[in-house]
Amino acid sequence: MRLILIGPPGAGKGTQAMRLADSHKIPHLSTGDMLRAAIADGSDVGKRAQVIMNAGKLVSDDMVNKIVSDRIDRDDCANGFILDGYPRTLAQADSVDEIFADKKIDLDAVVELRVDDDALVDRITGRFLCASCGEGYHDRYKLPVADGICDNCGSSDFKRRPDDVEDTVRVRLFTYYKQTSPLIGYYYARRKLLRVDGMGSINDVSQGIEKVLEHV
């Protein structure tokens, strides 16, 4: 199964992608992880990406396309994969179409997580991570069982993203609606779009995704 997850920042794409990856035994591919892996592997495109990132510049679409294309050629993607955070624009969606066509593979579905804007702001501004293992928490919805101790690794070191403040989140939402939301119509027109209510609990959203994927 080859899936794309789309939705605004804070909609829970990463969490749901990891759950899908586990339940369907296919890799979860995020652009950030793929960039870091390409750099760590020392590949040609990884070396070029590192130079660009070290200079404080954004990696071009062409370079990300190459990284995505190389990654889905690996053996663990033979039975499918989940793209999380890519494509973000119509131009990137066209590039994904070209990559898939070149490899003679089909996109099975695009899952859109739909969440209310104010709920998204609440989710994002309250979240924090274990600095050691990356386990995610929230001030109201998911605190560690033992106060100040990570449930996963036992670390007492936590961190918050500096841009997880309301004003910045609102700007990120505006960017999403301007650049990424056109993909909803794009994939709807191609009959690939599956909509899921992202307002419930993590388990409820997971069940909603699995339900819409039953007939894919």
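Here, each number is a calculation from the coordinates, and none is a lab measurement. Since this is a predicted model, take the numbers as computed values, not measurements. Note: ideal-geometry Cβ built from the backbone for every residue, glycine included; neighbour counts use all protein chains shown.
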* Neighbourhood net charge (14 Å Cβ-Cβ; Lys/Arg +1, Asp/Glu -1) for Val115 -> -1
* To do: Please order Cys130, Cys153 by the number of other Cβ within 10 Å, starting at the fewest.
  => Cys153, Cys130
* Asked: Using the Karplus equation 6.51 cos²θ - 1.76 cosθ + 1.60 (θ = phi - 60°), what ³J(HN,Hα) coupling, rounded to whole Hz, does each residue of region 156-163 give in order, writing x for Gly and Pro?
  -> 10, 9, 10, 8, 10, 6, x, 9
* Taking the mean number of other Cβ atoms within 10 Å as a proxy for protection, how do you rank 88-97, 142-151 from highest to lowest? -> 88-97, 142-151
* Debye, to nearest 20: dipole size of the chain, +1 on Lys, Arg Cβ, -1 on Asp, Glu Cβ -> 300
* **Sparse-neighbourhood loop sites, trypsin sites (Lys or Arg not before Pro) in region 23-74 - DSSP loop, at most 13 other Cβ within 10 angstrom** => Lys25, Lys57, Arg74
* **Residue (of Ile202, Leu183, Leu173) at the positive-pole extreme of region 103-216, dipole from beta-carbon charges** => Leu183
* Spin-label zone in region 102-135 - amide nitrogen under 18 Å from a point set 7 Å from the Cα of Asp157 along the C-beta vector -> 128-135
* **Computed label-point distance, nm, for sites Ala119 and Ile99 using a 7 Å Cα→Cβ extension** => 3.0
* What FRET efficiency comes out for the pair Asp108/Met53, r = Cβ-Cβ distance, R0 = 25 Å, nearest 0.05? -> 0.20
